[in-house]
1. Could you provide, to the nearest whole Å², the per residue accessible area of the range A:71-118 with probe 1.4 Å?
2. Using a Gaussian network for chain A with springs between C-alpha atoms less than 10 Å apart, which of these wobbles most: A:35, A:86, A:22?
3. What total accessible area, in Å², is buried where chains C and B meet, using a 1.4 Å probe and rounding to the nearest 100?
4. Using Cα pairs closer than 8 Å and at least 6 residues apart in sequence, work out the relative contact order for chain C, in percent.
5. Are there any GluC sites (Glu not before Pro) in the range A:61-113 that are in a DSSP loop and have at most 11 other Cβ atoms within 10 Å? List them by number.
6. With no other cysteine's Cβ closer than 4.7 Å, which Cys residues of the protein assembly as shown count as lacking a disulfide-compatible partner?
7. Can you pull the percent of chain C's accessible area that's carbon plus sulfur, 1.4 Å probe, other chains left in place?
8. Leaving out ligands and nucleic acids, note down the accessible area per residue over chain C with a 1.4 angstrom probe, in whole Å².
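The values are calculated or read from the model by the stated rules, or taken from the named source; none is laboratory data. Please read all numbers here as calculations on a predicted model, not as lab measurements. FYI the Cβ positions are ideal-geometry reconstructions off the backbone, even for glycines, and counts take in every protein chain you see. Heavy atoms of the whole protein, side chains included, go into the accessibility calculation; ligands, DNA and RNA do not. Shrake-Rupley method; radii C 1.70, N 1.55, O 1.52, S 1.80 Å.
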Amino acid sequence: MNILKTVTRKFRPVNLFFTELILVLLFFSISAAVILKIFVSADRRSRLSSEKENAMLCAQSIAEAYSQSGDVGKALKAVFPESDDIGESGGNYIVPLDEKCRMSTDGGVLLELAEDREKTASGELLRLTLTFKTENEELYSLDCSAYIPAGGADNE
Amino acid sequence: MNKKGHTRRVGAGVGYVSVMLIFAVICLTIFAVLSLKAALSNESFNERSGDFLKQYYAADSLAKETLSRLNDCAHEAQSSELFEESFEEAVQSVEGVTLKRTPAGLSASYSAAINERQILSVTVVFNNEGKYTIEQWQSQDVLQEDSGSHLGVWDGSF
Amino acid sequence: MKKYKNKTLGDTISTIGSMLLFLLFTGCLLIMIAVAAGAYSRISKGFDKTFGASASLRYISNKLKSAESAEIGENGTALYLKSDGVLDIIYFKDGALYENNLSADAEPSTEGGSKIFALGDMNISEDGDLYKITVMFNNEQNFTYIRR
């Protein structure tokens with residue numbers, strides 16, 4: 001009887017509420033950690049996808065302009081009209097871009113263009129590799145080419 | 001008095017917090033799953049588009065290589081007196097090219113596979129001076145190419 | 001009586017503690033829901049952009065690549081593509097991109113097409129030897145070049 005009395009005295013709603021809160025907080029912190037992890041992963045994937053998407057559109061534009069002219073400078077000028085001087089060294093170009101693939105020196109994306117020229121009997125076969133990079137990884141890379149006959153592109 | 005003290009309820013009732021938690025966790029889980037699903041489908045769509053772009057430009061490069069070889073053949077054939085015959089002979093070394101004599105000159109047709117469903121179909125006409133004109137540089141469906149069938153569009157007549 | 005007083009004080013402290021914990025829990029809950037909703041909205045915007053602006057740009061460029069001949073009409077808001085005896089008209093009207101397939105010898109018309117994408121604006125122009133396709137989606141401009 002005494003034991004029962006002690007138990008009844010200790011078993012009070014306020015204690016139950018407090019215990020429930022503690023348990024709920026514990027469970028909430030665990031689930032919040034898991035859910036946040038999913039969100040962070042989704043957000044990272046989404047950002048990367050968006051950057052990649054812009055890079056692909058930009059790559060297609062450069063590839064099309066290059067296929068037509070066979071001139072990297074002209075192709076870059078068509079896609080980035082604001083570009084006045086783009087760093088070139090031995091057929092390699094580096095263009096700093098932002099995540100929306102607009103020219104920007106403080107952006108997080110770097111476009112590297114490597115050109116390879118092959119002389120043929122009747123013209124020149126040009127190959128261009130476009131690589132979009134972020135600080136940590138390669139976003140997208142595309143190989144395209146242009147053929148310039150000896151008489152110039154007007155042959156076409 | 002003591003009994004009264006025991007039954008008095010202090011703070012919110014037991015169970016409400018658990019209901020709140022369950023509701024919030026369900027909400028957050030739904031948001032998280034939807035976000036991840038959107039991000040994943042976005043990623044897979046971009047992946048496929050990126051792959052297609054790569055495949056297209058790989059086929060485009062291949063077609064340009066063939067064009068360069070054909071132009072080399074034309075360049076070679078130009079030095080001989082009979083351009084068309086020499087060109088036809090030289091083109092035999094280039095794989096997958098079909099030559100046809102047309103009023104405009106020699107028409108060379110070839111294709112480069114983009115993927116298993118599409119090809120890049122090219123037609124180039126070389127005139128007697130060895131200069132070429134690109135008549136067709138077009139991506140086509142393989143099925144369409146095989147069957148030669150056209151999309152049935154109602155032209156207004158019965 | 002003393003015992004009762006002590007109990008009341010204990011109850012009060014316990015209640016305040018519980019309420020503070022409850023407030024902390026509610027605050028965390030609200031912050032988490034707000035963060036989740038924000039993240040979802042951002043991701044969903046990216047998703048909309050992919051399936052709006054980029055998909056329409058890719059659709060038009062692929063159509064251009066597979067056409068025998070192309071012509072710009074309606075001040076750059078329509079594109080007439082001919083291939084295999086079919087006239088394919090892609091045009092922008094009333095905030096959406098439409099497509100209409102007609103017989104090659106039919107009169108081009110920007111009426112009665114099927115809606116394919118909801119867009120802010122679409123314009124196709126000639127830039128030297130290239131076509132410049134520009135689309136507006138959520139007040140953001142996207143473009144791509146395709147050779148003619």
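1. 56
2. Between A:35, A:86, A:22, it is A:22 that shows the largest mean-square fluctuation.
3. Protein heavy atoms only, the C-B interface buries about 3000 Å².
4. 15
5. Here the sparse-neighbourhood loop sites are A:82.
6. When partners are defined as cysteine Cβ atoms under 4.7 Å apart, the protein assembly as shown leaves A:144, B:27, B:73, C:28 without one.
7. On chain C, the fraction of accessible area on carbon and sulfur atoms equals 56 percent.
8. Ligands and nucleic acids excluded, the result is 50 Å² per residue.
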